[in-house]
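Encoded as structure tokens, the structure appears first; notes follow it.
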There are 2 protein chains.
Amino acid sequence: MATIDDVAKLAGVSKGTVSSVFSKKRPISQPVTDRVLSVAKELGYFPNHIARSLAIKKTMIVGLKMPISKAGNLSQFEIQMLNGVIKECTKHGYRILLDTLPEHDDLTQFSSDPVDGVIMLNPRKHDQRIERYEQMRIPLVLVGRPDPLDSSISYVDNDNEQLAYEVGNYLLTQGHRSILFLNASSDMTVSVDRVNGLKRAFDVQGTPFHNAKVMNFDRKHHATPTEYGYISMMQSHQKIPFTAVVADTDRVALGILRATRELGMEVPRDLSIVALSNDVRLAEEMTPKLTSVELSAEMLGAEAGRILIQKMIDPQTVEQCIVDAQLIYRESCRTL
Amino acid sequence: MATIDDVAKLAGVSKGTVSSVFSKKRPISQPVTDRVLSVAKELGYFPNHIARSLAIKKTMIVGLKMPISKAGNLSQFEIQMLNGVIKECTKHGYRILLDTLPEHDDLTQFSSDPVDGVIMLNPRKHDQRIERYEQMRIPLVLVGRPDPLDSSISYVDNDNEQLAYEVGNYLLTQGHRSILFLNASSDMTVSVDRVNGLKRAFDVQGTPFHNAKVMNFDRKHHATPTEYGYISMMQSHQKIPFTAVVADTDRVALGILRATRELGMEVPRDLSIVALSNDVRLAEEMTPKLTSVELSAEMLGAEAGRILIQKMIDPQTVEQCIVDAQLIYRESCRTL
DNA sequence: CTGAAAGCGCTTACAG
DNA sequence: CTGAAAGCGCTTACAG
């Protein structure tokens, strides 16, 4: 397509002048402006965003690192969190580079993207990527806390330890003593926090923590979260005498529910279920309605966006933001 | 951050060599490779995607033009369609530049984005943007047909004329003679197609088309689709004696439903409703369950992605793809 | 296998 | 108000 050179030549002016007509960064006389614009139109010229970005070192794009699960569709958590990010970014004129590609181990493949800042979901333990962004001087905000904790890294998160504590406490108070915990995958920091919270509940109530059986999602063994719930339930119900299960997400709970039906069990009569990530509509549609935790994903996304924008203005900015979450009591638990 | 020059200098090689080590486009001896890599690591060097894109004229990014409604959240249609695009793009290693920014009329503000191709939602009549992409030689696929039709433009769409015909025919067959049609905004091509389809139904059944009252969504008057439905219903029910209403989307239907409740009307006893865009879960949750059209948004997105990828390989590609949609009969209509 | 140099399409001090 | 030239950080023929 036509370049700034073509326009400059045909209009009989310098590139700098053409540049200024479009960027309005320095005043150009009306006659010249008109001539340039008309030539540009004739040639079908539009400034090249990439070349411009390279020169000014700014893209007005925010990167969103959100590797997609194998099944492919965005989870309700991801959608809501995306909604929050979009709102905040749109408000400030930023667009979003949605990066759903799987992570590459090969350092060689890692490049600095055409973005002014990055929001990264689900940081892992000792996540290499964090320091890479630091080296590249690209402002970064995590959704989920860094592990180990680091007061120089900005992030938004729920208080997962506390949440798991509340859930554990709720179930223990109801009289449950043996609990199956279908946790997220073991390399996620949230998994650690949850186990700690659950353990604290057991400690406080004076119940030995070995009465809790913790499992982890593993994409090698489970194609989908629902399958994770289903398979784990089918495999565990004989071996361990648990009366309650804490599920990573409502999708996992869906799988558990399916398993209980096949096993002739009834919820909550024979088994109590709590899910940690809440898709309100799903939770309310399930039979029985699912007791679950509302993570306020949209708020997480919006706060991440807000902090990132702050940080792109002033790179010194560090903010760690805990978003309120809430256990919502519905119908899937009962007192023993 | 460190550039290719820094690495080259410190490693005592040329930039071309460093480039080759990372791109693997030409073989570099093991010792040199090792030296370069170790220096790169020491310096925290990562190739700059923007500079690279400028040189090779390729970004591996697909643009998705999807201006966000004022309310802010993605509609169910948009989410599903995004899911389809994501799946297809991820499969081929593309990322997505999600552009939710409102359109700018100022030609001067239009630039060629850092993308290899573009998927554009909701093309308008004589949409200027289409020829701009053509001038920029950026492969383009529309979601929604171009207006006027143009056999050189690739797009995916439902057969909206036929769909509206089926809906009209259904209602007329049920005995409805006066119908309120809360259409999409008038500058969208889909609006035209729907009116034509509805008219055809009236013609076939021998009912004069002036018995259909067509209104259009207008963001100046309606803050949200739901409000559009609510207000239109409140304003029209006295003036026109319609027995059925065709709503642009299920959100609009939600507003209508709210209005009927306030007016002491009952659906479908006093009013039949059909919605043209279907969010399955919303439709099934409504009381009564909403008769609506399933547009297969995910399929639209996936097909758009597929065609675009095809087109980025071979720019000559032109494909126009009609995705099946289906009228799903639930509880919101009745025979008079 | 490696280097020197031109080029990708912009912007921006500097000079006038 | 406008121009000439260097620079942004890469890639890629061309030459050896």
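The values are calculated or read from the model by the stated rules, or taken from the named source; none is laboratory data. From a predicted model like this one, the values you see are computed outputs, not experimental measurements. Heads up, the Cβs are rebuilt from the backbone with ideal geometry, glycines too, and the neighbour counts pull from every protein chain shown. For the accessible areas, the whole protein counts, side chains as well, though only heavy atoms, and no ligand, DNA or RNA atoms are used. Shrake-Rupley method; radii C 1.70, N 1.55, O 1.52, S 1.80 Å.
Points worth noting:
- At a probe radius of 1.4 angstrom, the accessible area of region A:277-336 per residue rounds to 47 square angstrom.
- Annotation: the antiparallel percentage among DSSP beta bridges lying fully within chain B is about 10.
- The residue B:203 and residue A:285 beta-carbon pair, evaluated with R₀ = 41 Å, returns a calculated FRET efficiency of approximately 0.50.
- Using a simple spin-label model with pseudo-atoms 7 Å out from Cα toward Cβ, residue A:335 and residue B:258 lie 3.9 nm apart.
- Heavy atoms of chains B and A lose about 4900 Å² of accessible surface on contact, summed over both sides with a 1.4 Å probe.
- Reach of residue B:65 by Cα under 14 Å, taken over aspartates and glutamates that are not fewer than 8 positions away in the same chain: B:78, B:99, B:103, B:113, B:116, B:127
- Surface share of carbon and sulfur [accessible, 1.4 angstrom probe, percent] for chain B: 51 percent
- Inter-label distance for residue B:162 and residue A:107, nm, one decimal - labels placed 7 Å from Cα along Cα-to-Cβ: 5.6 nm
- Region A:51-84-region A:1-47 distance, computed between alpha-carbon centres (Å): 33 Å
- For region A:160-294, the Stokes-Einstein estimate of translational diffusion at 10 °C and a viscosity of 1.306 mPa s comes to 110 µm²/s, using the Kirkwood hydrodynamic radius over alpha-carbon pairs.
- FRET efficiency estimate (nearest 0.05) - Cβ-Cβ, residue A:15 to residue A:135, R0 25 angstrom: 0.15
- In chain A, Cα pairs under 8 Å separated by at least six residues give a relative contact order of 18 percent.
- Mean separation of Cα pairs under 8 Å and 6 or more residues apart, divided by the residue count, gives region A:69-163 a relative contact order of 18 percent.
- Only helices enter the 222 nm calculation for chain A: every DSSP H run of n ≥ 4 contributes -39,500 (n - 2.57), and dividing by all residues gives -13500 deg cm²/dmol, rounded to 500.
- Virtual spin-label span in nm between residue B:58 and residue A:24, 7 Å along Cα→Cβ: 3.7 nm
- DSSP-loop trypsin sites (Lys or Arg not before Pro) across region B:228-304, with at most 10 other Cβ within 10 angstrom: B:269
- Across B:58/B:311; A:199/A:220; B:24/B:57, pairs whose alpha-carbon gap is larger than 21 Å: A:199/A:220
- Taking the average, over residues, of other Cβ atoms within 10 Å as the packing measure, peptides B:9-18, B:168-177 rank B:168-177, B:9-18 from highest down.
- Label point 7 Å beyond Cα along the C-beta direction, distances from residue A:241 to other copies (nm, shortest first): 7.4
- In the frame of its principal axes, chain B has Cα extents of 86, 38, 35 Å, reported largest first.
- Percentage relative contact order, region A:17-125, counting C-alpha pairs under 8 Å, at least six apart: 33 percent
- Note on the protein assembly as shown: Cα-only Rg and Dmax are 28.2, 87 Å.
- Mean per-residue shielding of peptide A:88-100 is 5, counting Cβ atoms of other chains within 10 Å of each Cβ.
- Length added when fully stretched, residue A:128-residue A:219, from 0.36 nm per residue minus Cα-Cα: 30.7 nm
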